[in-house]
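The values are calculated or read from the model by the stated rules, or taken from the named source; none is laboratory data. Note that the structure is predicted; figures quoted are calculated from it, not measured. Cβ placement follows ideal geometry from the backbone for every residue including glycine, while neighbour counts extend to all protein chains displayed.
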Amino acid sequence: MGACGNKQEKDNVELVSKALGAVINGHDLTAIDKYWNEGYIQHNEMAKSGREEFKEFVKTWINVMPDLKWEPILQPVGSGDQVWAYGKYTGTFKND
C-alpha cells in the first residue's frame, strides 16, 4: 500500500488513497467533507487552500472532464502524520 514505517503511517496512506479514489475517481464531492478538514492546505498552485475551495476546484475539473481519473505514479509514502501521493490525472475534455 505504500512505503511506511509503522501501523499509523500505513493507516494514513490507506486513508489518503481511499479519499483520492472516492473524490477523483468516484467523483464523490461529499467525500471531501469526510476526508478533508476546513484548514486543508493545497500544494497545487492551480487551486486555493481550504476544503470548500478544493471542492469547487474538483467540481470544475469533473465538469470539464467527466471521465476524470487519478492514478499513482509512485507508491504513496507515509511519514509521521504526512502522506505524499504522487500521481497523474487523466480525462477527456468535453467541448461546450
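Table for the structure above
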quantity: Of all residues making up the stretch 6-27, the number that are over 23 Å from Phe54 (Cα atoms) and surrounded by 18 or more Cβ atoms within 10 Å (Cβ to Cβ); calculated: 1
quantity: Top-ranked residue in the stretch 49-96 [being in contact (Cβ under 8 Å) with a residue 60 or more places away in the chain and in contact with a helix residue (DSSP H, G or I) (Cβ under 6 Å, 6 or more places away or on another chain); ranked as farthest from Val13 (Cα to Cα)]; calculated: Ala85
quantity: Pick from the stretch 39-56, criterion out of contact with any Phe, Trp or Tyr (no Cβ under 9 Å at 6 or more places or on another chain) and at pLDDT below 95, ranking: farthest from Asn25 (Cα to Cα); calculated: Gly39
quantity: Failed item, numbered, when Lys55 is tested on (1) in a loop (DSSP other than H, G, I, E, B); (2) within 17 Å of Gly21 (Cα to Cα); calculated: (1)
quantity: Count - residues of the stretch 83-96 that are surrounded by 10 or more Cβ atoms within 10 Å (Cβ to Cβ), part of a loop (DSSP other than H, G, I, E, B) and of a type in the set (S, T, N, Q); calculated: 1
quantity: Selection within the stretch 22-38 - farther than 18 Å from Gln82 by Cα, not hydrophobic (A, V, I, L, M, F, W, C) and not in a loop (DSSP other than H, G, I, E, B); calculated: Asn25, Thr30, Asp33
quantity: Some residue of the stretch 63-82 being modelled with pLDDT of 90 or more and assigned to a helix (DSSP H, G or I); calculated: yes
quantity: Any hit, the stretch 40-49, residues being under 22 Å from Phe93 (Cα atoms) and buried (at least 17 other Cβ atoms within 10 Å of the Cβ); calculated: no
